[in-house]
Every structure is written in C-alpha cells, then in structure tokens.
Amino acid sequence: MKIRPLRDRVVVRRVEEETTSAGGIVLPGTATEKPNQGVVVAVGDGVFLDNGEKRPVGVSVGDKVIFGKYADSNTVKIDGEELIILSENDISAVLEG
C-alpha cells in the first residue's frame, strides 16, 4: 500500500538505534525512549501561499530529519510498518553528511 500525504505533510519512518548501557549491555531500540529522528518516505505537494503561489515542502524523500519529541500524534501502521505523519513545521532540521 502507498501513502500520499497532502499539502505540507511529511511521512517519516522513525530510526530505531541500538544503544549500549553504562554496564555494556546492548539495548534494542524498543527498550529505550523513542528517538526523534527518522527518514522521509513521502512528501506532500506543498502549500498555497496568500498570493496564490504554491510553496513546495522543504524536505525530500530520503532526507534524515529531526522532529519534535511529541510530534508523533499521527502514527499509522501500513503493511506492518509504523510511520509518522508530520506537518513540515514539526521538523526541526535535516541531517546532512
């Protein structure tokens, strides 16, 4: 199944990372706090400005982004995968490099 966000919405797949505790125990991503980083999997077509022009969304599919800790209020499951639908305003930064 495909998902196509509308306007300035962005669909993000959360990045789960393993971490190591102070005692050397490897903790899987499910045992730690949810990360606030993810990879963009779909982008809306943009938003219309007051002057009638369409402004495209500032991120692209494949970008690794940082979003707000409480921005996952629109979590959906598609084909068994958990995805987050965010407004472009909920994205704080794009990680490069």
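Just so you know, all these numbers are worked out from the coordinates, no wet-lab data involved. This structure is a prediction, so every number in the text was calculated from the model and none was measured. A quick note on method: Cβ atoms are made from the backbone with ideal geometry, for glycine too, and the neighbour counts reach across all protein chains shown.
Between K2 and I66, what FRET efficiency follows from the Cβ-Cβ distance if R0 is 22 Å, with the result rounded to 0.05?
Computed FRET efficiency for K2 and I66: 0.30.
Taking θ as phi - 60°, what are the ³J(HN,Hα) couplings along the stretch 43-58 by the Karplus curve (6.51, -1.76, 1.60), each to the nearest whole Hz, with x for Gly and Pro?
9, x, 8, x, 10, 7, 7, 4, 7, x, 6, 9, 9, x, 5, x
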